[in-house]
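**Student:** One structure, pasted below without further comment.
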Amino acid sequence: MSAAARPPEGGAPLPRGGCRASRQEGSPTTAAARPLHSRAAKAGLVAAFAVAMIGSAVAVDVTDSMRNAPILDTTRPPPLQNSDNSDVRRSRNYAMQPPVIPHKIDGYQLDKNANRCMFCHSRSRTQESQAPMISVTHFIGRDGNFLAELSPRRYFCLQCHVPQVPQDPLIENRFIDVDQLLYGSPEGSPGQPQGKR
């Protein structure tokens, strides 16, 4: 006999449910009362779930704040704007930030067959293009060894580098530049310590 079916000392074997009260007459959990009890419990759970769902549906705001429209509505997206094509290098906001792309890249082929960015930014082409050479970190392989050419891990430039569009931000940007955080420099002069203004 298994431990669950073993009778307690001096008593009759327990029924399948493991409880003597379930077999006694007059008990609220008799076979006749059990289905009614279980139906009432299920109905109560369903009712509680329905109330919770209705309550949460009323409490949730269903308007998308960026589109200013209900979430389920399909809206026409704003037209794409032209990328910045000034070729002016922008300052970086934190150490090791990948530089942004200061020119248009529309129509650039960037796939497993060709990388149009390397036509100007490869080590051998920077003198004629006057474009900055890619960082030496782009020549480090996954094992930490320096390679003779661009690492396959850094081949797809748009993983880190992105073109810019002259547009107001959709939400407020509360980013604080590291120099401003460390030295309290004003927004117009990043990198200038507070005492050297």
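Readers should treat all values here as calculations from the given coordinates under stated rules, not as data from a laboratory. Note that the structure is predicted; figures quoted are calculated from it, not measured. Note: ideal-geometry Cβ built from the backbone for every residue, glycine included; neighbour counts use all protein chains shown.
**Student:** Between Met133 and Gln81, what's the calculated FRET efficiency when r is the beta-carbon distance and R0 is 30 Å? Round to 0.05.
**Tutor:** That gives a FRET efficiency of 0.55.
**Student:** What FRET efficiency would be calculated for the residue pair Asn173, Ala148, taking the C-beta separation as r and a Förster radius of 25 Å, to the nearest 0.05?
**Tutor:** Calculated transfer efficiency: 0.05.
**Student:** Per residue, how much space in cubic angstrom lies within the convex hull of the C-alpha atoms of the range 82-166?
**Tutor:** In the range 82-166, the Cα convex hull volume per residue is 114 Å³.
**Student:** Whose amide H sits under 5 Å from the amide H of Ile101, counting only residues 5 or more places off or on another chain, with H placed in the peptide plane?
**Tutor:** Placed amide hydrogens put Val162, Gln164 under 5 Å from Ile101.
**Student:** Between Asn68 and Phe156, what is the label-to-label distance in nm when each label sits 7 Å out along the Cα-to-Cβ direction?
**Tutor:** Placing both labels 7 Å along Cα→Cβ, they lie 3.6 nm apart.
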